[in-house]
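Asks: One structure follows; several queries about it will come next.
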Amino acid sequence: MIVLYVLLAILMLGVLVMIHEFGHFAAARLCGIEVKEFSIGFGKKLWGRVGRRGTQFSLRLVPLGGYCMFYGDTDDDPEGKTKDDPRNFTATAVWKRMLVTVAGPLMNAVLALALSVVLMTFWGAEIDTPFLYEVTDGSPAYEAGLRPGDVFVSIGDTDLTAATAQDVSNVIGGYAQGQPIPITMLRQGEELSFTVTPEYNETEKRYMIGITIQQGQKKLSPGRVLPEAWNLTADSAVAIIDALGKMVTTGEGLDQSAGPVGIVSLVAKETQTGGLPVYLNLAIFISINLGLMNLLPIPGLDGCRLIFLLIEAIRRKPVDQKVEAIIHLLGYVFLLGLMLLFTFQDVRRLFIR
């Protein structure tokens, strides 16, 4: 079974990269820019087809990457020999090239939000504090105003924000039979107070208020799906930016960084344990991470290409294409070295626990 989860992890990375590159491709088409090659993966070509507009679509051996190549850009023509070609990327308006460059990371953000909506629709929001999973119609709790999805804040003087579902049951059970129970709940960001008086249930032969308490994934009303999906996406982005900031300034977390092997191993392991919701959660986080990492001002990445375009927009004259090509080449060497280092660490962790 572990092979299946490894394949699912590789599929995830392939899809995330494909979506990123499709962002570049779609923006180019919208701007009337010709695409020379759209490739999923690196290395030896396994499959290829030329589209109606002359674009070479390729599937290559190593699925952990991909690229969208334009006529005359630094990857296609580092010396600028084809500058007179009407399809040349560098001859296009600067704002169009900026849009194409930023479209890749933007598509990763859009994908993360879409996956968050799916996660919130079918599984709900992750929550540590106990909440009401079900409130029986006509029960004392229902008549008092409690509703499914309400989150426990306190019962009487007992704070329940860090409690378990069993803790809540114990506190409710601690009240005398038939005694009114003051309950404070959180509903859509607002604290509400209720008083629930238990009633004797002839079938169960005990006093009950008619609720089912749960902890973990909280089902959401249709109106809360998009806001919660947005919150999850935004919180993930903030967490990644904070982690990157600490890594750059203090080196914190650098020893925990992982390359493709480590990511595949993590996704496979966590998916095997937590199932599809965990798989989607990881896809959301990794998609945002991929988009943000590509915006870093590192040669070879989208962030550095944006800097060159900004310089061109300010100077109204492009940077010498040979110079830019050399800088990007050095960036590729640096990134390859970093990838090899992380891969070495990943493999080492697999065998040394």
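The values are calculated or read from the model by the stated rules, or taken from the named source; none is laboratory data. Just so we're clear, the structure is a prediction, and the values are computed from it rather than from any experiment. As a convention, Cβ positions derive from the backbone with ideal geometry for all residues, glycine included, and neighbour counts pool all protein chains shown.
Asks: Determine whether the stretch 78-90 contains at least one residue that is within 15 Å of D302 (Cβ to Cβ) and either acidic (D, E) or in a loop (DSSP other than H, G, I, E, B) (or both).
Replies: no
Asks: Here is a follow-up. Check whether at least one residue in the stretch 212-226 is more than 22 Å from L146 (Cα to Cα), surrounded by 14 or more Cβ atoms within 10 Å (Cβ to Cβ) and not basic (K, R), and report yes or no.
Replies: Checked the stretch 212-226: at least one residue is more than 22 Å from L146 (Cα to Cα), surrounded by 14 or more Cβ atoms within 10 Å (Cβ to Cβ) and not basic (K, R).
Asks: Confirm whether V323 is among the aliphatic types (A, V, I, L, M), within 18 Å of D75 (Cβ to Cβ) and not in a helix (DSSP H, G or I).
Replies: Here the answer is no, as V323 does not meet what is asked.
Asks: Related question: Return a yes/no flag: does the stretch 157-175 have any residue that is acidic (D, E), crowded, with 16+ Cβ neighbours inside 10 Å, under 34 Å from the mean Cα position of the chain (by Cα) and in a helix (DSSP H, G or I). Steps first, please.
Replies: Step one: list which residues in the stretch 157-175 are acidic (D, E), which gives 157, 159, 167.
Now narrow it down to the ones that are crowded, with 16+ Cβ neighbours inside 10 Å: 167.
Among the residues that remain, those that are also under 34 Å from the mean Cα position of the chain (by Cα) are: 167.
Restricting the remaining residues to those that are in a helix (DSSP H, G or I) gives 167.
Yes, the conditions are met somewhere in the stretch 157-175.
Asks: Additional query: Which residues, taken from the stretch 261-278, are polar (S, T, N, Q) and in contact with a Leu (Cβ under 7 Å, 6 or more places away or on another chain)?
Replies: Residues satisfying the conditions are S265, T271.
Asks: Residue by residue through the stretch 239-270, note down the ones that are within 18 Å of the chain's Cα centre (by Cα) and not in a helix (DSSP H, G or I).
Replies: S257, A258, G259 - these are the residues of the stretch 239-270 that are within 18 Å of the chain's Cα centre (by Cα) and not in a helix (DSSP H, G or I).
Residues checked against (1) assigned by TED's automatic domain parsing to the domain that holds M293; (2) farther than 23 Å from M107 by Cα; (3) of a type in the set (V, I, T):
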| residue | (1), (2), (3) |
| --- | --- |
| W230 | yes, no, no |
| T233 | yes, no, yes |
| S236 | yes, no, no |
| D242 | yes, no, no |
| V248 | yes, yes, yes |
| G251 | yes, yes, no |
| G259 | yes, no, no |
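Asks: Go through (1) under 30 Å from V278 (Cα atoms); (2) modelled with pLDDT of 90 or more; (3) part of a helix (DSSP H, G or I) for A141 and report which single condition fails.
Replies: Only one criterion in (1) under 30 Å from V278 (Cα atoms); (2) modelled with pLDDT of 90 or more; (3) part of a helix (DSSP H, G or I) is unmet by A141, namely (1).
Asks: Which one is surrounded by the most Cβ atoms within 10 Å (Cβ to Cβ) among residues in the stretch 57-82 that are touching a residue at least 60 places away in the same chain (Cβ under 8 Å) and out of contact with any His (no Cβ under 7 Å at 6 or more places or on another chain)?
Replies: Step by step, filter the stretch 57-82, then rank; the result is D77.
Asks: Right, another one. Just checking, how many residues over the stretch 179-211 are loosely packed, with under 11 Cβ neighbours inside 10 Å and on the phi > 0 side of the Ramachandran plot? Lay out the reasoning, then the answer.
Replies: Step one: of the stretch 179-211, the residues loosely packed, with under 11 Cβ neighbours inside 10 Å are 179, 189-190, 202-205.
From the residues that got through so far, the ones that are on the phi > 0 side of the Ramachandran plot too are 189, 205.
Total meeting the criteria: 2.
Each row is one residue, and each column tells you yes or no for (1) aliphatic (A, V, I, L, M); (2) in contact with a Phe, Trp or Tyr (Cβ under 7 Å, 6 or more places away or on another chain); (3) farther than 28 Å from L292 by Cα.
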{"site": "L59", "(1), (2), (3)": "yes, yes, no"}
{"site": "C68", "(1), (2), (3)": "no, yes, no"}
{"site": "D75", "(1), (2), (3)": "no, no, no"}
{"site": "A141", "(1), (2), (3)": "yes, no, yes"}
{"site": "D150", "(1), (2), (3)": "no, yes, yes"}
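Asks: Cβ-Cβ under 6 Å, sequence separation 6+ or interchain: first residue in the stretch 31-56 and part of a loop (DSSP other than H, G, I, E, B), partner of a type in the set (V, I, T). Which pairs?
Replies: I33/T92; T55/V35
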